[in-house]
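*Asks:* Before I ask anything, here is the structure I am working with.
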Amino acid sequence: MTLVAGVLLVRAARADGPAHSAEPASAPAASEACPSGDDTTCGRLQFEAGTRAFEQGQYEDARHAFESALALRPHPVIRYNLALCWARLGKPTLALNELQLVLGDNKTDQDLRARSERELHSAQLAQAHVTFTLSDPARERLELDGSAVPSSSSELALDPGQHHVRIISGASVVLDQDLELSPGERIELRVGQSSRRIDVVVVPEPANGARAATPPPEHREAPRRGLAPVWFFAAAGTTAVLTGLTIWSGLDTQHALSSYQQQLPSLSQAEADRRVSDGHARERRTNFLLAGSLLGAAGSAVLGLWFVDFGSAQRAHVALGLGQLSVTAHF
């Protein structure tokens, strides 16, 4: 349906040519020679004959007519119709060549350019692809349909149908056979080194015809069976803060005691009682902080050993080198 619509479009779009009736009674066939010496008139008649042949499914006759019209009166519309004929005849490579010329012609209008781009994409999807994997590319030679293929060509885009492949290694023929390719098919042909075995592997194609890259495997973390590691880190951080305060409070209490002992002979009874009361308060503060530090350490240990699920996210690495120590971790 797409190709027929394309031909109907270009018949209506040819506004710069002579008038053209829908079904002329005595229009020449595609193979008829033009009786007139006017290239414009002959080109128009060949174009009309090619259009009728295409609509009737006679694509080979339509191709000859469009080629004749193109030789007499070059125009991107005629070349576009010729590309449609090649596509219907199972020759997407030739269709691609014509469509690329249409897109490169400055006479091509915007509508025809859009249609050509769509047909270009369809022709690319219709091509078959063959990948050759040779065990010794420097020694082995590849021939396709009687023509040598450069060793740098690892993948070839071919028209569907039958192709003849020969692989020659030195003076011996390793492979000599026909390949039947379907539209959009991808085949990998491998030549084994030890046994000289030929493996033909059909590469599966996505449903939309486009070759899709294999997505990387999705990373999924295992469900946790306990608390998140953040609880352990919070408890450990709290314990570290309490330990630091305990050390500071102990040093402060010791400093107050030393100062009291040094100044005791000169202190009054009231001042001495006040300093003793203050010292007891500092001791109680230190004891409370020490108890908190011990409870925090015990709680952190309990959380880390029994309640927190570090799972697969816990990784640590310790590296020792000359004059340096490297520790990295991820949670």
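*Asks:* Tell me, which residue of region 148-162 that is in a strand (DSSP E or B) and not aliphatic (A, V, I, L, M) is modelled with the lowest pLDDT?
*Replies:* Taking the candidates together, the pick is Glu155.
*Asks:* Tell me which residues, restricted to region 68-86, are within 14 Å of Glu117 (Cα to Cα) and either surrounded by fewer than 20 Cβ atoms within 10 Å (Cβ to Cβ) or of a type in the set (Gly, Ala, Ser) (or both). Let's see the steps before the verdict.
*Replies:* Here is the first cut: in region 68-86, the ones within 14 Å of Glu117 (Cα to Cα) are 76-77, 79-81, 83-84.
Residue satisfying the conditions is Ala83 alone.
*Asks:* Still on this model: Are any of the residues in region 66-73 assigned to a loop (DSSP other than H, G, I, E, B) and without any contact (Cβ under 8 Å) to a residue 12 or more places away in the chain? Before you say what the answer is, go through the steps one by one.
*Replies:* First, the residues of region 66-73 that are assigned to a loop (DSSP other than H, G, I, E, B): 73.
Checking which are without any contact (Cβ under 8 Å) to a residue 12 or more places away in the chain leaves us with none.
There is no residue in region 66-73 that is assigned to a loop (DSSP other than H, G, I, E, B) and without any contact (Cβ under 8 Å) to a residue 12 or more places away in the chain.
*Asks:* Something else now. From the list Thr131, Thr41, Thr51, pick out the single residue that is part of a strand (DSSP E or B) and either assigned by TED's automatic domain parsing to the domain that holds Ala157 or touching a residue at least 12 places away in the same chain (Cβ under 8 Å) (or both).
*Replies:* Details: Thr41 fails: part of a strand (DSSP E or B); Thr51 fails: part of a strand (DSSP E or B).
Of Thr131, Thr41, Thr51, the one residue that is part of a strand (DSSP E or B) and either assigned by TED's automatic domain parsing to the domain that holds Ala157 or touching a residue at least 12 places away in the same chain (Cβ under 8 Å) (or both) is Thr131.
*Asks:* Which condition does Val308 not pass, out of (1) modelled with pLDDT of 85 or more; (2) within 30 Å of Ala228 (Cβ to Cβ); (3) hydrophobic (A, V, I, L, M, F, W, C), if it passes all the others?
*Replies:* Result: Val308 fails condition (1) only.
*Asks:* Six or more apart or on different chains, Cβ under 9 Å: which pairs go from a residue in region 74-95 that's under 22 Å from Gln110 (Cα atoms) to one that's part of a loop (DSSP other than H, G, I, E, B) and among the hydrophobic types (A, V, I, L, M, F, W, C)? Could you list them?
*Replies:* Partner pairs satisfying both residue conditions: Ala95/Leu89.
*Asks:* Now for a different question. The conditions are (1) buried (at least 17 other Cβ atoms within 10 Å of the Cβ); (2) over 30 Å from Asp39 (Cα atoms), and Lys91 fails exactly one of them. Which is it?
*Replies:* Going through the list (1) buried (at least 17 other Cβ atoms within 10 Å of the Cβ); (2) over 30 Å from Asp39 (Cα atoms), Lys91 breaks only (2).
*Asks:* Sticking with this structure for a sec: Do we find that Pro137 is part of a loop (DSSP other than H, G, I, E, B) and farther than 24 Å from Leu84 by Cβ in this structure?
*Replies:* Criteria met by Pro137.
*Asks:* Say we look at region 106-140 and pick out the residues that are buried (at least 17 other Cβ atoms within 10 Å of the Cβ) and of a type in the set (D, E, K, R); which of these is farthest from Glu155 (Cα to Cα)?
*Replies:* Going through the qualifying residues, I end up with Arg115.
The values are calculated or read from the model by the stated rules, or taken from the named source; none is laboratory data. Since we're looking at a predicted model, the values are computed, not measured. Virtual Cβ from ideal backbone geometry, glycine too; neighbours counted across all protein chains shown.
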